[in-house]
Amino acid sequence: VRVGVVLERSVEVVVVMVAVWKAGGVVVPVDPAHPVERVGLVLREAAPVVLVTSSVVRDRLAGSAGSAGLFDGFAGSVVLVDEPDSWDAAVPGGSAAAGSVSAGPVGLDAAAYVVFTSGSTGRPKGVVVSHRSLANLAVAHRVAVVEPAVARAGGRRLRVLNVLSFAFDGSVDPLVWMLAGHTMHVLPGGLMGDSAGIVEVVRRERIDVVDVPPSLLELLVADGLLTGEWVPSVVATGAEAVGSTLWEALGSAPGVTGLNFYGPTECTVDVSWTPINSGVAPHIGRPVAGLSVYILDGFLRPVPVG
């Protein structure tokens with residue numbers, strides 16, 4: 001059962017995602033800050049049975065130009081996080097039936113979430129990701145990235161900052177840290193893309209882990225992310241190619257472990273990863289545990305070694 005999560009950035013988004021998974025459903029994250037045309041496209045394509053939103057988001061989208069009918073005629077249930085009276089709507093028969101509803105065990109190949117691509121080369125496409133893939137990512141990162149970072153920090157709980165839209169699959173990486181027992185801070189919506197504001201949050205909240213695309217990371221570094229009274233111990237990047245200047249800055253920053261991740265939405269966020277070391281040309285590293293990477297030529301044939 002696909003569940004559309006149409007909420008502004010908040011703790012509620014995380015609560016709803018975990019609740020949907022525990023109930024055996026499929027999360028369809030939708031960013032209400034996106035153009036209303038995209039929101040409508042995602043909802044039509046994914047066809048969720050349940051929508052979890054808020055009265056503020058519902059009213060704003062319903063009143064937006066070109067959004068007539070966005071929620072009108074929706075045949076499923078609409079749950080408003082700020083109106084408890086609507087919470088029983090997702091359970092057939094209301095609260096009286098809640099005790100009799102049980103989600104059986106979710107198979108490894110059952111869908112965990114549907115996330116839509118950027119659409120930069122055409123119409124956005126919904127990519128279905130299984131629990132098997134999500135679990136592999138979580139375990140692989142816990143062993144290769146999270147546990148070594150915890151060991152370097154003396155075993156304490158770390159703080160990771162989520163600065164990406166929940167409708168972008170890159171936001172799953174900070175969630176992996178939370179699933180490993182660490183604290184995920186959700187950047188307020190008003191600071192999205194505000195490099196100086198993000199650096200201030202990192203310093204004020206003493207954030208240990210920052211994971212952002214190179215284009216934003218370059219701005220953060222320019223605004224002092226790697227200098228000052230508090231510097232994150234892990235700075236990860238991905239989704240775009242890392243330039244040599246940024247690579248060198250991360251590789252030479254004292255006390256900072258730089259990481260480069262690479263992968264398409266269709267293969268669960270990250271396919272390969274590597275530590276960023278000074279004096280080495282930018283590269284995408286080796287496969288994430290549990291995955292294999294093949295290098296092909298223009299005719300999709302494996303190329304020789306080297």
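The values are calculated or read from the model by the stated rules, or taken from the named source; none is laboratory data. Note that this is a predicted model, so its numbers are computed, not measured. Don't worry about glycine lacking a Cβ; one is built from the backbone with ideal geometry, like all the others, and counts go over all protein chains shown. Ligands, DNA and RNA are stripped out before the accessible areas are found, and what is left, the full protein with its side chains, is counted by its heavy atoms. Shrake-Rupley method; radii C 1.70, N 1.55, O 1.52, S 1.80 Å.
List the pair-distance distribution P(r) of the chain, using every Cα-Cα distance, as the percent of pairs falling in each 10 Å bin from 0 up to the bin containing the longest distance, rounded to whole percents.
Pair shares across the bins are 6, 25, 32, 23, 11, 2, 0.
Going through region 197-305, which chymotrypsin sites (Phe, Trp or Tyr not before Pro) have at most 16 other Cβ atoms within 10 Å and a DSSP loop state?
Working: sites: TRP230, TRP247, PHE261, TYR262, TRP273, TYR294, PHE299; in loops: TRP230, TYR294, PHE299.
Those that pass, being in a loop and sparsely packed, are TRP230, TYR294, PHE299.
With a ≥ b ≥ c the root eigenvalues of the C-alpha gyration tensor of region 180-306, is it rounded (a/c under 1.5), prolate (a/b larger than b/c) or oblate?
Values: a/c = 2.22, a/b = 1.79, b/c = 1.24.
It is prolate, given that a/c is not under 1.5 and a/b is the larger ratio.
Based on the mean of other beta carbon atoms within 10 Å per residue, what is the order of 1-8, 195-202, most packed first? Walk me through the numbers before you get to the answer.
Working: 1-8: 22.5, 195-202: 18.8.
Ranking, from highest mean packing down: 1-8, 195-202.
Enumerate the amide H contacts of VAL127 below 5 Å, restricted to partners 5 or more residues apart or on another chain; note that Pro and chain-start residues carry no placed amide H.
VAL115, PHE116, THR117
Nearest 0.05, what FRET efficiency do PHE74 and HIS34 give at R0 = 22 Å with Cβ-Cβ as r?
Numbers: r = 18 Å, r/R0 = 0.82.
According to the calculation, E is roughly 0.75.
Averaged over all directions, how much area does the convex hull of the C-alpha atoms of region 113-205 cover when projected, in nm²?
Working: hull surface 29.2 nm².
Over every viewing direction, the Cα hull of region 113-205 projects on average to 7.3 nm².
If you add up the charges near ASP223, with Lys and Arg at +1 and Asp and Glu at -1, over every other residue whose beta carbon is less than 13 angstrom from its beta carbon, what do you get?
Details: positive: ARG203; negative: ASP194, GLU200, GLU218.
Overall, the nearby charge balance is -2.
Which net charge results for the neighbourhood of ASP270, defined as the other residues with beta-carbon distances under 14 angstrom from its beta-carbon, given Lys and Arg at +1 and Asp and Glu at -1?
Net charge in that neighbourhood comes out at -3.
Counting heavy atoms of the protein chains only and a 1.4 Å probe, report the per residue accessible area for region 103-200 as a whole number of Å².
Details: 4360 Å² over 98 residues.
Heavy-atom accessible area per residue stands at 44 Å².
In Å, the Kirkwood hydrodynamic radius of region 4-69 over pairs of distinct alpha carbons? Mind showing how you got there, number by number?
Values: mean 1/r = 0.0817 Å⁻¹.
Computed over region 4-69, the radius equals 12.2 Å.
How much mean residue ellipticity at 222 nm does the chain get from its helices, if each DSSP H run of length 4 or more adds -39500 (n - 2.57) and you divide by all residues, to the nearest 500 deg cm²/dmol? Walk me through the numbers before you get to the answer.
On the way: 9 runs with 84 residues, N = 306.
Mean residue ellipticity at 222 nm (helix-derived): -8000 deg cm²/dmol.
Could I have the simple spin-label model distance between THR274 and ALA196, label points 7 Å from Cα toward Cβ, reported in nm to one decimal?
A separation of 3.6 nm, rounded to one decimal place.
For every other residue with a beta carbon closer than 12 angstrom to the beta carbon of LEU179, add +1 if it is Lys or Arg and -1 if Asp or Glu, then tell me the sum.
Numbers: positive: ARG142; negative: ASP173.
That works out to 0.
Quote to one decimal, in nm, the extra length available between GLU266 and GLU229 on full extension: 0.36 nm per residue of separation minus the C-alpha distance between them.
On the way: separation 37, 0.36 × 37 = 13.32 nm, distance 3.93 nm.
Full-extension gain reported as 9.4 nm.
Between ILE295 and ARG44, what FRET efficiency comes out of the Förster formula 1/(1 + (r/R0)^6) with R0 = 51 Å and r the beta carbon distance, rounded to 0.05? It would help to have the intermediate numbers written out before the result.
On the way: r = 38 Å, r/R0 = 0.74.
FRET efficiency, ARG44 to ILE295: 0.85.
Against the longest principal axis of the chain, how steep is helix 36-46, in degrees 0 to 90 to the nearest 10, with axes from Cα atoms?
Approximately 80 degrees, to the nearest 10.
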